[in-house]
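Chemist: One structure is given below, represented as structure tokens, and several questions about it will come after.
The values are calculated or read from the model by the stated rules, or taken from the named source; none is laboratory data. Please read these numbers as outputs of a predicted model, since none were measured by experiment. Every residue, glycine among them, receives a Cβ derived from its backbone with ideal geometry; neighbour counts consider all protein chains shown. Only protein heavy atoms, including side chains, enter the accessible area calculation; ligands, DNA and RNA are left aside. Shrake-Rupley method; radii C 1.70, N 1.55, O 1.52, S 1.80 Å.
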Amino acid sequence: MDFVENISEHYDIILPVVNSCGFDVVEISSKNRLDGLYINIVLYSPNGISLSDCSKVHRTIQGRLAAHTGNREVFIEVSSPGVNRNLKSANEFSVFKEKTVKLLFGNSTEWGFYKIKEADKEGVLLEPVKKDNDSLQNSDEIKIQYSEIRKAKLES
């Protein structure tokens, strides 16, 4: 898993607006098409994201992006990450600090459950979490590099 930052050319315009509305950015992606610019924004808040939150961010960003892109048609989709989101890049670990994730490491075929304690550009500090009737072999926090993570998924 790679640590990805500022993957959209519009990141610097969108991020301050989203933050001023009280939300974190999970993902921003954009695609140029013949009929206009398509932007997808995924928001996060520990209190959840409502439809009115998405509408508020959409309305606030629409004018700024239209001014930034000139007369191009801009289509914006704003959504929440969902309860079982697949983490697509390592920078999402810092957004979901204190949340439980299930991880696959290297060639392992068994998911492990961990609480995200800290995350930076180099790696993530995890605390093992006991799930259902599983025995918890090691309860010590572990610091791992993102390159060791094969798959990561938020756990609801």
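Chemist: Would you check which residues across region 37-83 are open to solvent by less than 40 Å² (accessible area, probe 1.4 Å), of a type in the set (A, V, I, L, M) and either at positive phi or part of a loop (DSSP other than H, G, I, E, B) (or both) and list them?
Modeler: Matches in region 37-83: Ile49 only.
Chemist: Taking the condition open to solvent by less than 40 Å² (accessible area, probe 1.4 Å) and at pLDDT below 90, does Leu87 pass?
Modeler: no
Chemist: Right, next: Give me the residue from region 22-36 that is closer than 21 Å to Glu98 by Cβ and out of contact with any Leu (no Cβ under 6 Å at 6 or more places or on another chain) and, out of that set, surrounded by the fewest Cβ atoms within 10 Å (Cβ to Cβ).
Modeler: Filtering region 22-36 for residues that are closer than 21 Å to Glu98 by Cβ and out of contact with any Leu (no Cβ under 6 Å at 6 or more places or on another chain), the one surrounded by the fewest Cβ atoms within 10 Å (Cβ to Cβ) comes out as Gly22.
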